[in-house]
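What follows is a short report on a single structure.
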Amino acid sequence: MAYRIRPDCDFTEAFRSVATEQLESAITVLEERPDGAHEAIHSFRKNLKRLRSLYRLVAREVPEFQEHENARLRDVARSLSAIRDAAALIGTAQYLQQSAREPEENEALGRIVTILEGRRDWMAEAESGLEQRLAETSHVLKEAIAAVYTVSFDGGHRKNARKLAKSWRRTARKARAALAACHGEASADDFHVLRKRTYDYRLYHALLRDIWPGAMKAKRDAAKELVEDLGHIHDLAVLCELVEAEPQLFTRNDDLAHLLDAIIFRQQEDRRHALVTAEAIFADDPDEEAQRIELLWLTAAS
């Protein structure tokens, strides 16, 4: 079953199916690792993000389940994050290099990429107990599958429609509040919050896409692009933090100057573009959107 909840299916069965599929996919990729451990961890973390969005969709109905499982998934993702985060920094430096404004900057950023690759490789060699943690993570995910089957949702299509509308309204309101906080003297954390809320918004469009396929896909695609833009903004902030935390990595002052200039320029450009995109995506009134979702769900289920 794809990452979707069909309005003509039993809601409990559909919820369990979607959740179990994501958990089983995460277990499989961690155990088989077709592209290596670090790519497996990357895929596993994406599965967990989809799950956490799914659980937020039903949080009002099963608050204790959502709170417990959200914490479980958050903690297990963090336990495997260090090496993957080191690899992500390489991608951030490559992203900067792709938009280098002059040859000297391009060459400097190329050397920065090499430094970050060396750091990732050193961290991988120094990593101890990775196999044990991967095995422990698979066990935790199997426990999470069992937990999925402890929850159920009572009521018919009308109650489900109201439930989904309330969740949609809450997420859209949070996204608009996060967007408002990103104007003016916004911090990196403000943009990161907007990214998380946009991620939920995007996945809600995926989960409920059968109620209005064409329109939901268009909005989902736009939200996906915004999530990627906001992801770059977050990654640039993380790279800045690395420069402050581990300045000994960057032995050439001119390379460091080029790196910081490139980060500042790219942050400004990406923030400006992201705000324009976000204003368009979250232009609709949350109450009107929620009412539309409720009506579409009822119509599709009839």
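For the stretch 70-81, a residue qualifies if it is surrounded by 15 or more Cβ atoms within 10 Å (Cβ to Cβ) and part of a helix (DSSP H, G or I), and the qualifying residues are Asn70, Arg72, Leu73, Val76, Ala77. Residues of the stretch 24-58 being more than 13 Å from the chain's Cα centre (by Cα) and open to solvent by less than 40 Å² (accessible area, probe 1.4 Å), which ones? Across the stretch 24-58, the qualifying residues are Ala26, Ile27, Val29, Leu30, Gly36, Ala37, Ala40, Ile41, Tyr55, Leu57, Val58. Of all residues in the stretch 144-160, those that are at pLDDT 95 or above and either of a type in the set (Gly, Ala, Ser) or more than 20 Å from Ala59 (Cβ to Cβ) (or both) total 3.
For the stretch 217-237, a residue qualifies if it is more than 15 Å from the chain's Cα centre (by Cα) and open to solvent by 60 Å² or more (accessible area, probe 1.4 Å), and the qualifying residues are Lys217, Ala218. The lone criterion from (1) surrounded by fewer than 17 Cβ atoms within 10 Å (Cβ to Cβ); (2) in a helix (DSSP H, G or I); (3) in contact with a helix residue (DSSP H, G or I) (Cβ under 9 Å, 6 or more places away or on another chain) left unmet by Thr251 is number (2). The residues of the stretch 2-18 that are part of a helix (DSSP H, G or I), open to solvent by less than 60 Å² (accessible area, probe 1.4 Å) and without any contact (Cβ under 8 Å) to a residue 60 or more places away in the chain, listed by number, are Ala14, Ser17. Here Ile90 passes the criteria (1) surrounded by 15 or more Cβ atoms within 10 Å (Cβ to Cβ); (2) of a type outside the set (D, E, K, R); (3) more than 30 Å from Glu117 (Cβ to Cβ) except the one numbered (3). Residue by residue through the stretch 286-302, note down the ones that are open to solvent by less than 60 Å² (accessible area, probe 1.4 Å) and of a type in the set (D, E, K, R). Across the stretch 286-302, the qualifying residues are Asp287, Glu289, Glu294. Could you tell me whether the stretch 145-157 includes any residue that is in contact with an Asp or Glu (Cβ under 9 Å, 6 or more places away or on another chain), closer than 25 Å to Ile264 by Cα and in a loop (DSSP other than H, G, I, E, B)? Among the residues of the stretch 145-157, not one is in contact with an Asp or Glu (Cβ under 9 Å, 6 or more places away or on another chain), closer than 25 Å to Ile264 by Cα and in a loop (DSSP other than H, G, I, E, B), which makes the answer no.
Does Glu279 satisfy the criteria of being open to solvent by 40 Å² or more (accessible area, probe 1.4 Å) and either of a type in the set (Phe, Trp, Tyr) or free of Cβ contacts under 8 Å to residues at least 60 places away in the same chain (or both)?
The answer is no for Glu279.
Of Glu21, Glu61, Glu67, all but one fail to be within 21 Å of Ala206 (Cα to Cα), out of contact with any Ser or Thr (no Cβ under 8 Å at 6 or more places or on another chain), modelled with pLDDT of 95 or more and open to solvent by 30 Å² or more (accessible area, probe 1.4 Å); the exception is Glu21.
Residue-by-condition table, conditions (1) surrounded by fewer than 18 Cβ atoms within 10 Å (Cβ to Cβ); (2) over 30 Å from Leu194 (Cα atoms):
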site	(1), (2)
Ser99	yes, no
Leu116	no, no
Leu130	yes, yes
Ala144	no, no
Val151	no, no
Thr171	no, no
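Any residue at all in the stretch 117-129 that is free of Cβ contacts under 8 Å to residues at least 24 places away in the same chain, part of a helix (DSSP H, G or I) and hydrophobic (A, V, I, L, M, F, W, C)? The answer is yes, given that some residue of the stretch 117-129 is free of Cβ contacts under 8 Å to residues at least 24 places away in the same chain, part of a helix (DSSP H, G or I) and hydrophobic (A, V, I, L, M, F, W, C). Taken together, the criteria place Thr299 among residues that are modelled with pLDDT under 95 and under 30 Å from Phe11 (Cα atoms).
The number of residues in the stretch 173-212 that are assigned to a helix (DSSP H, G or I), touching a residue at least 40 places away in the same chain (Cβ under 8 Å), open to solvent by less than 60 Å² (accessible area, probe 1.4 Å) and not hydroxyl-bearing (Ser, Thr, Tyr) comes to 13.
The values are calculated or read from the model by the stated rules, or taken from the named source; none is laboratory data. No experiment lies behind these values; they were computed from the predicted model shown. Every residue, glycine as well, gets a Cβ built from its backbone with ideal geometry; the counts of neighbours run over all protein chains shown. Remember, those area values only see protein heavy atoms, side chains included, never the ligands or the DNA or RNA. Shrake-Rupley method; radii C 1.70, N 1.55, O 1.52, S 1.80 Å.
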